[in-house]
Amino acid sequence: MTIIELKNVNYQVGKRTILNNLSFGIKNGDFLTLIGPSGAGKSTILKLIANLISPSSGTIFYHGSDIQKLDPIKYRRQVMYCFQQPVLFGKTVKDNLSFPYQIRNKEVDLARLDSLLKIVDLPAEFLNKEINSLSGGEKQRVALIRSIVFLPKVLLLDEVTTGLDGKSKEIVHRLIESVHRQGTTIVQVTHDQSEIQVAKNVLEIKSRGLVNEKCNG
């Protein structure tokens, strides 16, 4: 079953065409890796799917419905976008990890947060750490946990391991795989050759969004 479909999608900024007549589908439960040169439109595709920006023309469907006609708040709770540079707010880690509960008017589940922190090799006491004291890898782990406290249907990852050391990359990969095993569809953009080599479903984005499907293994 197709969960996301882009149909004849165009995206322009001024007179510059970023994506030209792009069409492809993403199956439910898939783990799709988008590759290609800088400027080809990979991050733009993720932002379009996340409904952070709107196509100049064409349609993006979620379960067969035009995402422009869906409630954006409800949609973004099901289709989560993670930035290359993690964006944290407030003063502490707990401020960030409590937020998904607050917007749903739910009581914070500390046991759930503790279990997620353990997956990424962080102790429960980490909740009280100030975000200004975190390393880049720790910030990315917190941002990812915040996105999956309530498991999304689709997780969009925009080069989330860029700049991380080997250990942090391994921890982030472990978390992403855990989320995928629980049924979340994942679409990632990466330039990391080690990630590309192990990716099984690869979509190469060429100039202005032309695509070339690949399959590794």
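For an R0 of 25 angstrom, estimate the FRET efficiency from the Cβ-Cβ distance between VAL13 and SER38 and round to the nearest 0.05.
0.95
I want to make sure I understand the PRE zone here: with the label point 7 angstrom from the Cα of HIS180 toward its beta carbon, which residues in segment 27-71 have backbone N atoms less than 15 Å away?
Under cut-off, by backbone N: 27-35.
I'd like the projected area of the chain, averaged over all directions, using the convex hull of its alpha carbons. Report it in nm² with one decimal.
12.3
Spin-label point model (7 Å from Cα, Cβ direction): what's the LYS206 to GLN193 distance in nm?
So the label points at LYS206 and GLN193 sit 2.2 nm apart.
Starting at the first residue of segment 38-47, write each ³J(HN,Hα) from the Karplus equation 6.51 cos²θ - 1.76 cosθ + 1.60 with θ = phi - 60°, in whole Hz, x for Gly and Pro.
4, x, 7, x, 5, 5, 4, 4, 4, 5
Normalising by the residue count of segment 2-215, find the relative contact order in percent from Cα pairs under 8 Å and 6+ residues apart.
Reported relative contact order: 30 percent.
Taking the chain as the reference, fit the longest principal axis to its C-alpha atoms, fit the long axis of helix 93-102 to the helix C-alpha atoms, and give the angle between the two in degrees, 0 to 90, nearest 10.
Approximately 70 degrees, to the nearest ten.
Anything over 32 Å Cα to Cα? Flag those among LYS91/LYS200; LYS15/LYS94; LYS15/LYS169; LYS47/LYS129, in the order listed.
Correct reply: LYS91/LYS200; LYS15/LYS94; LYS15/LYS169.
Is there a quick way to get the dipole size of the chain? I mean about its Cα centre, with the Cβ of Lys and Arg at +1 and of Asp and Glu at -1; what is the value in debye to the nearest 20?
Dipole size: approximately 500 debye.
Rounded to the nearest 500, what is the chain's calculated 222 nm mean residue ellipticity when only DSSP H runs of at least 4 contribute -39500 (n - 2.57) each, over all residues?
-9500 deg cm²/dmol
Explain nothing, just the number: relative contact order of segment 34-82, from Cα pairs under 8 Å at least 6 residues apart, as a whole percent.
About 31 percent, as a whole number.
When a/c reaches 1.5 or more, the comparison of a/b and b/c decides; with that in mind, is segment 101-165 rounded, prolate or oblate per its Cα gyration tensor?
oblate
Subtracting the Cα-Cα distance from 0.36 nm times the residue separation, let me have the gained length for ASN132 to ALA111 in nm, one decimal.
5.1 nm
Just so you know, all these numbers are worked out from the coordinates, no wet-lab data involved. No experiment lies behind these values; they were computed from the predicted model shown. Here the Cβ is made from the backbone with ideal geometry for all residues, glycine too, and neighbour counts use every protein chain on show.
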